[in-house]
Structure formats: structure tokens, C-alpha cells
Amino acid sequence: MAQTIQLSLPSLDETTACHPHRQPTTPIRSLVLGSSGGVNTSLSTPQFSNLTHFNYCIRFGNFVVGAPLTLLLMLRLESERTRMVWTTIQKLFTVLSLLLIANSAISSLNTTHESFMQCFLDHIPPSNSSSQLLYSPNTTAYDAVLRSSIQNIRFLYSSSTTKPVLIVTATNESHVQAAVVCSRKHGFRVRVRSGGHDYEGMSYVSEGDRFIIVDLAALRSVTVDAEHGTAWVQAGATLGEVYYTIAEKNRTVGFSAGICPTVGVGGHFSGGGIGTLSRKYGTA
Ligand SMILES: Cc1cc2nc3c(=O)[nH]c(=O)nc-3n(C[C@H](O)[C@H](O)[C@H](O)COP(=O)(O)OP(=O)(O)OC[C@H]3O[C@@H](n4cnc5c(N)ncnc54)[C@H](O)[C@@H]3O)c2cc1C
């Protein structure tokens, strides 16, 4: 008697069944060998029952198919299993390669940081320590320092922008000079940040270039000469600090600039700040 194989599959609506351009994705429940009369001589084939998806185009429902077609089906299932094994090996290989690349990128980044740090130390007064001046992504305070004055964090978490390879928190002019010299030597671009109020992220992100931030927040002294009506203001000072210090010296003079007291002088003055006195006295 010719052996036939009964394929038990979930019974589905005809409309969801085999379509020339669509592959059904219903999981195989069981594949059973039996006689054509349906006598209880079934032999389960567990090696196929754990396949997650059935990727061949067959018509759903309980039915009996001839042995040649079934053998063909089994061969195709075997080749499917081989394909899955190869796919898994390929994925493992890809993950391993990525780990190796990431590892070599991290060690090259560490070398660059060390080299930058050495260059930086060579260009600042000997009494200064670099530990409170340089922050790399490896340092725990990096995120806190990066976010310290940012007003619009949208670009910080965008997939199209990159973060700085280093942040230099300058506390005197020589740190700014050293940062510029060493960035040039290492091929980094420089982003200057004063008050961090740039809404487009120009002072703290980039679209691919490797860059450092020179943060001027600690350079914020304001020295007012009330007699001559002038003041020396460092770039990291805020507008509020400028207004306050001037008012402390003389209640009858003021300075024409923006309304928001937390805006930084560096970005505001270089762009031409506008405030309530601007119509009469011009931009900052
Ligand atoms: C809440 C809020 C209120 C505002 N109110 C006003 C207002 O009343 N009037 C007004 O005119 N504008 C206003 N602005 C706009 C603000 O003046 C600009 O965004 C200004 O550029 C912010 O300067 P910053 O130093 O705080 O920003 P940062 O982000 O530090 O810098 C802004 C830009 O200037 C560059 N830069 C910073 N420091 C220096 C420097 N020392 N030398 C050269 N380039 C430097 C940065 O690289 C960046 O490109 C406001 C912005 C915000 C977010």
C-alpha cells in the first residue's frame, strides 16, 4: 500500500489561504505520518514541530497529500532548517565583529583622550590639574556637565547628532588657548558655549564632526567702571549678572540687551541681543 502522509495544520478560512504572492506565517503545529485510511499508526515527527513559522505556500486545512509531494515538502523544510542555522551563524558573526570594532574604537578613543590631556597639560600653567577641567564620555560627571546649561535637549538625543569627545570647563584664559591648540593638533572642531541658550544646539552638538566643547560658564566676572560708564564682562556671565552688577554700582545707568536673565553674554553679544532698550540704544 502506498504510504501517504497526513499533514495536520490549523484550519483557516479559505480567504487567508495560499496566494501566489503571499507566504502564510502560521506556525506548524504538527506533522504526522499515517496510513491513507487514517488508521492509528501515526508517527509524530518532533524534529519539525518546533519550527516557529511555516514559510511555504500551501493551502490550509486538514487534507491528505501523496508521498512524492510530502518528501519534497520535507526536503524543503530541511533546507529551511539549514538556512536558519546559517542565519544564526551569520548573526553571531556580525555581533562578534561589531564587538571587536567597538572595542578597538574605544581603545583608540582612550588613546586620543590621553594624548589630548597630555597636550592640554603641556599648554596650561603647571599648578593647574586637568581632572576638573576635562570631561570625557568615560568620566561620571560628563553627562551632568554636558547638560548643565542646555536649554533645549532635543538635539542631545537626536540620532542625527553627535556628542562632544571632550568638554573643557575653562577657568582661565590659558585653558581656552590650550583647548584650541590641542583641538587643532588632534583634528577636533571647537564648539564654544557660554550660556547654553542656543535653541538649535550649535554650542553642544554636531552632525558628525568630532568636536570638543569649550565651556565658558566659569569665566563669568563682571567689572564695572561706573565713573567712565564702561564694564569688562567675561563671556560666561549671564545677562542677569551684568544687569545686577551694574545696578549695584549705579542705580541710574543700564545696559541695552535681552530680557531673559539666564542668557549667556558670549552667544548673546556675538549675535546682537535685543531687549526693551534696543529701540533707543541699539542691540547688545
Ligand atoms: C529662554 C531664552 C530667552 C531669550 N531671550 C532673548 C532676548 O530677550 N533677546 C534676544 O536678543 N535673544 C534672546 N534669546 C536668544 C539668545 O540671545 C541667543 O540664543 C544667544 O545666542 C544665546 O547665547 P548663550 O551664550 O546663552 O548660548 P550658547 O548656546 O552658549 O551660544 C550660542 C551660540 O553662540 C556661540 N558662542 C557662545 N559663546 C561664544 C563666544 N564667547 N564667542 C563666540 N561665539 C560664542 C555658540 O557657539 C553658539 O553658536 C533667548 C534665548 C532663550 C533660550
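The values are calculated or read from the model by the stated rules, or taken from the named source; none is laboratory data. Just so it is clear, the model here is predicted, and its values are computed rather than measured. Here the Cβ positions follow ideal geometry from the backbone for every residue, glycine too, while neighbour counts run over all protein chains shown. Protein only, heavy atoms only, side chains kept; ligands, DNA and RNA dropped before computing areas. Shrake-Rupley method; radii C 1.70, N 1.55, O 1.52, S 1.80 Å.
When you look at L277, is it more than 10 Å from the ligand (Cβ to nearest atom) and hydrophobic (A, V, I, L, M, F, W, C), yes or no?
Working: more than 10 Å from the ligand (Cβ to nearest atom): yes; hydrophobic (A, V, I, L, M, F, W, C): yes.
Yes: the conditions hold for L277.
So that you can scan it fast, the table gives a plain yes or no per residue for (1) away from the ligand (no atom under 11 Å from the Cβ); (2) hydrophobic (A, V, I, L, M, F, W, C):
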{"residue": "V190", "(1), (2)": "no, yes"}
{"residue": "G201", "(1), (2)": "no, no"}
{"residue": "C260", "(1), (2)": "no, yes"}
{"residue": "F269", "(1), (2)": "no, yes"}
{"residue": "Y281", "(1), (2)": "yes, no"}
Quiz item: So is R210 free of Cβ contacts under 8 Å to residues at least 40 places away in the same chain and either of a type outside the set (K, R) or assigned by TED's automatic domain parsing to the domain that holds N128 (or both) or not?
Solution: no
Exercise. Restricting attention to the range 245-281, report how many residues are part of a helix (DSSP H, G or I), surrounded by 14 or more Cβ atoms within 10 Å (Cβ to Cβ) and aromatic (F, W, Y).
Key: 1
Quiz item: Under the condition of being without any contact (Cβ under 8 Å) to a residue 24 or more places away in the chain and away from the ligand (no atom under 16 Å from the Cβ), which residue from the range 218-234 is least open to solvent (accessible area, probe 1.4 Å)?
Solution: D225
Self-check item: Residue satisfying condition, being touching a strand residue (DSSP E or B) at 6+ places or on another chain (Cβ under 6 Å) and away from the ligand (no atom under 16 Å from the Cβ), within set S127, S136
Solution: S136
Self-check item: Odd one out for D215 among (1) open to solvent by 30 Å² or more (accessible area, probe 1.4 Å); (2) near the ligand (Cβ under 9 Å from one of its atoms)
Solution: (1)
Quiz prompt | Boolean, K185 is without any contact (Cβ under 8 Å) to a residue 60 or more places away in the chain and of a type in the set (K, R) | solution = no
Quiz item: Within the range 128-176, restricting attention to residues that are touching a residue at least 12 places away in the same chain (Cβ under 8 Å) and among the small types (G, A, S), which residue is surrounded by the most Cβ atoms within 10 Å (Cβ to Cβ)?
Solution: A170
